[in-house]
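Quick one: the structure is below, questions incoming.
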Amino acid sequence: MDRTSVLVVGAGPVGMVAALELAQHGVACILVEQAWHTTHHPKMDVVNTRSMELLDRLGLAEPIRAAGVGSQHPSDVIWSTGLAGRPITVWQLPSVAESWRRIRQRNDGSQPAQPWQRLSQIVLEPLLRQRCQQHPLIDLRCGRRFESLSQDQHGVTSRLTNTQHGAPELIRSEYVIGCDGAASQVRQAVGIALTGFAVPDLPAAYMIHFRSRDLTSLHRHGRFWHYFAFRYVILAQDEVDTWTLHVNATDPAEFDNPPADPAGFLRQILGTELDIDEVQLTTRWRPRYLIADRYLHGRVLLAGDAVHQMFPTGGYGMNTGVADAIDAAWKSAAMVKGIGGPALVDSYDIERRPVGLRNLHTSHRHLGVHLAAGKLLADGADLADLASFLQRERGENEYAGIELGYRYDDSPVVCQEGAAAPSWTPERYTPTTWPGGRPPSVLLGDGQPLYDELSTGFTLVDFTGNGRAAPLLQAARDLGLPVRHVTVADDLARELWERDLVLLRPDQHVGWRGNTAPRNATRVFDRLLGRAPGCAW
């Protein structure tokens, strides 16, 4: 039997991020994956702003940008009756370069620390896999199929099968993080159910992933990231020659027998004689909205598609999973290192499930815009009226409150305050250091982002530098907890961060804030580490 601190099941983006986060905290893991190779399926096409902030902590932002779509390309969304029809309107979305300019120009805390990055999962996975293979604390094992597990008060014994020769394998770990996708065997092994709903107006879809340099045809109505034409959508994957077409079924059985000639079917749907270099992949899939009843069971935590599945509108699926992975991993690491208390692991479900549920419903909201616009078109609406409707109801990929503003208001490992919480809307991020939320990103007087000073562990941001932080720093030393002490002399940053002292957790969420340290500073860390959940301030 092999032994490790944490077993991570599933080496997709979420599982690999979990493994890299564990390693960042000095905790070893075995990362198992049934497949031998990274995916050939373009399951996502954007890493959103919050995910880029979290991945930047792991040194991944620049490699991801180097591998993704160039910073000069805008991300416009074209609405049309089809390539053979007429354009309706355009949602103009910025390029990465333009987003960086906005960050510099609007230094008011409302902007992200990192712009989003267009990138296919086909490109992202090899990058993450290389990082995992290179890290000495990550033991990546492909060709391992998870079968079952059993738990006791000291750990988890997992049973796997080596798919190369069929031999059984046993792995003993203190914790298991299940990131093994929609059909998660880990979730089934611990008896957690999924609840949700299907999308009756979109009973099924058919995907064609293809290569074409026929920009005359594809860019007939302008250059685009997404091209929405109701019956179908085209995604530009790399601004060169790689595209993905999704065609909505008109009835549940339409694609039970996939088209024998995918290229011919593609031309038929588009209504144009498109030059196609290669059809790389086709598949049938069903839109659905599902969320797990719980995110953990004992020492088993679940993340990503294993606990939430949603339509691609908004790009929330993988991006929600990245934040799941960071949360699950830093808390598991704290438990392995002996500094976490019983409430810390329990807080994973309390914090992350409401975020998953909110993102699921927000994705459904965005899908509703598509469906409503399609009905207006079918009912003969004037295209100018339809354009006005679409501009009023835009928000897909623009909801900063969803991406940046989610807060853990009910968390047992956050030092809540008695006052009324700041306002929240899905459309906008409100700059605040309200405990449980993400603090504002701000450029300091020398142009340096404050976020660059934050640790992947705990960080105490100190706007005084006069010794007020000493009790908190001493309490951390007494617990053997490393805390980066960052002293900041910047009036704008102090105004946006609202308190003289702000203590951040490893996931960059505010754990505690105040103008002076509490009399018993140890109780702050007891609370944040789940050691004393009943503490009050």
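The values are calculated or read from the model by the stated rules, or taken from the named source; none is laboratory data. The structure presented is a predicted model; accordingly, all values stated were derived computationally and were not measured. Glycine also receives a Cβ, built like all others from the backbone with ideal geometry; neighbour counts cover every protein chain displayed.
Residues being in a loop (DSSP other than H, G, I, E, B) and surrounded by fewer than 20 Cβ atoms within 10 Å (Cβ to Cβ): count how many of those fall in segment 458-482.
Qualifying residue count for the region: 8.
Taking V414 as meeting all but one of (1) surrounded by fewer than 20 Cβ atoms within 10 Å (Cβ to Cβ); (2) assigned to a loop (DSSP other than H, G, I, E, B), write down the number of the exception.
Of the numbered conditions (1) surrounded by fewer than 20 Cβ atoms within 10 Å (Cβ to Cβ); (2) assigned to a loop (DSSP other than H, G, I, E, B), the odd one out for V414 is (1).
Here's a follow-up. When the residues of segment 54-81 are narrowed to those that are over 22 Å from the mean Cα position of the chain (by Cα) and crowded, with 19+ Cβ neighbours inside 10 Å, which ends up farthest from P440 (Cα to Cα)?
S80
Search segment 92-112 for residues that are on the phi > 0 side of the Ramachandran plot and pair each with any residue that is of a type outside the set (F, W, Y) and surrounded by 18 or more Cβ atoms within 10 Å (Cβ to Cβ) when their beta-carbon atoms are under 6 Å apart and the residues are at least 6 apart or on different chains.
That search, which allows pairs on different chains as well, returns G109/P431; G109/P440; G109/V442; G109/L496.
I've got another one for you. Of a type in the set (F, W, Y), in contact with a Pro (Cβ under 7 Å, 6 or more places away or on another chain) and at pLDDT 95 or above: does that describe Y316?
No.
Does any residue of segment 121-134 turn out to be outside any loop (DSSP other than H, G, I, E, B) and more than 18 Å from A11 (Cβ to Cβ)?
Within segment 121-134, not a single residue is outside any loop (DSSP other than H, G, I, E, B) and more than 18 Å from A11 (Cβ to Cβ).
For every residue, the table says whether it meets (1) under 23 Å from S184 (Cβ atoms); (2) more than 24 Å from the chain's Cα centre (by Cα); (3) outside the structural domain of G191 (by TED's automatic domain parsing).
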site: L124; (1), (2), (3): yes, no, no
site: R131; (1), (2), (3): no, no, no
site: D139; (1), (2), (3): yes, no, no
site: C142; (1), (2), (3): yes, no, no
site: R145; (1), (2), (3): yes, yes, no
site: D152; (1), (2), (3): yes, yes, no
site: S158; (1), (2), (3): yes, yes, no
site: T163; (1), (2), (3): yes, yes, no
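Follow-up. Quick check: is even one residue across segment 317-325 in the same structural domain as A19 (by TED's automatic domain parsing), aliphatic (A, V, I, L, M), more than 14 Å from the chain's Cα centre (by Cα) and in a helix (DSSP H, G or I)?
no
I would also like to ask the following. I'm told Q114 meets every condition in (1) within 21 Å of the chain's Cα centre (by Cα); (2) surrounded by fewer than 15 Cβ atoms within 10 Å (Cβ to Cβ) except one. Can you identify the failing condition by its number?
All conditions are met except number (2).
Continuing with this model, one more query. V190 fails exactly one of the following numbered conditions: (1) in contact with a His (Cβ under 7 Å, 6 or more places away or on another chain); (2) closer than 30 Å to P252 by Cβ. What is the number of that condition?
If we test V190 against (1) in contact with a His (Cβ under 7 Å, 6 or more places away or on another chain); (2) closer than 30 Å to P252 by Cβ, just (2) comes out false.
What about W79, is it assigned by TED's automatic domain parsing to the domain that holds L160, touching a Ser or Thr at 6+ places or on another chain (Cβ under 9 Å) and of a type in the set (F, W, Y)?
The answer is no for W79.
Across segment 432-447, what is the number of residues that are over 27 Å from G418 (Cα atoms), at pLDDT 95 or above and in a loop (DSSP other than H, G, I, E, B)?
1
Give me the pairs, please: first residue somewhere in segment 472-486 and under 21 Å from Y451 (Cβ atoms) and in contact (Cβ under 8 Å) with a residue 12 or more places away in the chain, second residue anywhere and among the charged types (D, E, K, R) and not in a strand (DSSP E or B), beta-carbon distance under 9 Å, and either six or more positions apart or on two chains.
Filtered contacts from segment 472-486: V483/R477; R484/E453; V486/E453.
Quick one: how many residues across segment 278-304 are at pLDDT below 95 and aromatic (F, W, Y)?
1
Among the residues in segment 493-504, are any surrounded by fewer than 23 Cβ atoms within 10 Å (Cβ to Cβ) and more than 30 Å from the chain's Cα centre (by Cα)?
Scanning segment 493-504 turns up at least one residue that is surrounded by fewer than 23 Cβ atoms within 10 Å (Cβ to Cβ) and more than 30 Å from the chain's Cα centre (by Cα).
Tally up the residues in segment 208-231 that are within 18 Å of Q280 (Cα to Cα) and buried (at least 19 other Cβ atoms within 10 Å of the Cβ), please.
Summing the residues that are within 18 Å of Q280 (Cα to Cα) and buried (at least 19 other Cβ atoms within 10 Å of the Cβ) in segment 208-231 gives 4.
Surrounded by fewer than 22 Cβ atoms within 10 Å (Cβ to Cβ) and either part of a loop (DSSP other than H, G, I, E, B) or over 27 Å from the mean Cα position of the chain (by Cα) (or both): does that describe R513?
When the stated conditions are applied, R513 does not pass them.
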